[in-house]
Amino acid sequence: MPLVSVHELLEKASEERYAVGAFNANNMEIVQAILEAAELENSPVIMQASQGAIKYAGLEFITGMVKIAAESSPVPVALHLDHGTDFDQVVRCIRSGFTAVMYDGSKLPLEENIAYTKKVLDMARPIGVSVEAELGKIGGTEDNVSVSERDALFTDPEEARYFVEQTGVDCLAIAIGTAHGQYKGEPKLDFERLAQIKSLVDIPLVLHGSSGVPDEAVQKAIQMGICKVNIDTNIREAFVGEMRKVIANNPDEIDPRKILGPARKAAVEIIRKKIRVFGSAGKA
Ligand code: G3H
Ligand code: 13P
Ligand code: ZN
């Protein structure tokens, strides 16, 4: 089927209390792996393109691959821009066929974040493209972060209420203790903050930096209002881990397909596991 909007995927997820996985699509094998996992689990799925992915593969290649994947498939697939910070890039993504964009103004002062998010919404909403915003700082691991640092970095519930009221954004990424990349220790999520945010904000919430967060913590967060869970690092680990293994066992192998094929399989397995943890299996 043609690409679907993130809005419709998250609306259903929110009603039925599961989350849709948003997996970073960095190359052809990973796009294929995300699709295969979603089909095997009969799950809706979001493929997202980061700044690094766009730089590496090129916007048109990513859009082309994801569109082909979606069109050939019976499961709903959305294409989302991850951590967009440049208005012109947001426009290019929408023109190229993305069905959702994230405008990440989290590094800006609150009022500027609101103004830019509204500008993106004014353009995206009339054409059915959904918009994710971010409030708070999803930074390094939160080990040894003091209470006052937490308050400065994590999403302030009252600010979240004001932000959503002012912008009318479709979904909101919040900082509650997750970080991008590999964790040094076990991340501890601030569930109390999540509960406060959810009590003040009635839109789907998004968890970034979800690789390495224990399954039970992710599931608890989903029960409390997280509807989109972003995963990149765990796919990289599985993919590159398998490549390393194949190369170590076959040092003379020069056919990239013999190395990337098993890596793609390893990615399918980890994505299937995540889909089951998020509760979206069978929800296509
Ligand atoms: O949120 C960021 C992604 O996980 C990685 O971004 O592809 O630009 O390195 P990148
Ligand atoms: P991880 O790489 O930590 O899974 O984070 C992914 C992410 O948040 C993409 O926006
Ligand atoms: Zn992120």
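Just so you know, all these numbers are worked out from the coordinates, no wet-lab data involved. Every value quoted in this text rests on a predicted model; they were computed, and no experiment measured them. Cβ coordinates were reconstructed from backbone atoms using ideal geometry, including for glycine residues, and neighbour counts include every protein chain displayed.
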Computed over the chain: longest principal axis from alpha-carbon atoms vs helix 191-200 long axis, angle to nearest 10 degrees, is 60 degrees
So K107 and K119, fully extended at 0.36 nm per residue minus their Cα-Cα distance, gain in nm 2.6 nm
To the nearest 10 degrees, the tilt of helix 157-167 (Cα long axis) against the first principal axis of the alpha carbons of the chain is 80 degrees
Low-density loop GluC sites (Glu not before Pro), the range 219-280, at most 13 other Cβ within 10 Å, DSSP non-H/G/I/E/B, are E253
Sorted on mean Cβ neighbours within 10 Å (highest first), peptides 168-175, 112-119 come out as 168-175, 112-119
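Given the pairs K118/K184; K12/K118; K107/K265; K137/K274; K188/K273, which are separated by over 31 angstrom at their Cα positions?
Details: K118/K184 36 Å; K12/K118 24 Å; K107/K265 37 Å; K137/K274 24 Å; K188/K273 21 Å.
From K118/K184; K12/K118; K107/K265; K137/K274; K188/K273, over 31 Å: K118/K184; K107/K265.
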Under the helix-only model (-39500 (n - 2.57) for each DSSP H run of 4 or more, divided by the residues of the chain), the mean residue ellipticity at 222 nm, to 500 deg cm²/dmol, is -16000 deg cm²/dmol
So the angle from the long Cα axis of helix 87-96 to the longest Cα principal axis of the chain, reported in degrees to the nearest 10, equals 50 degrees
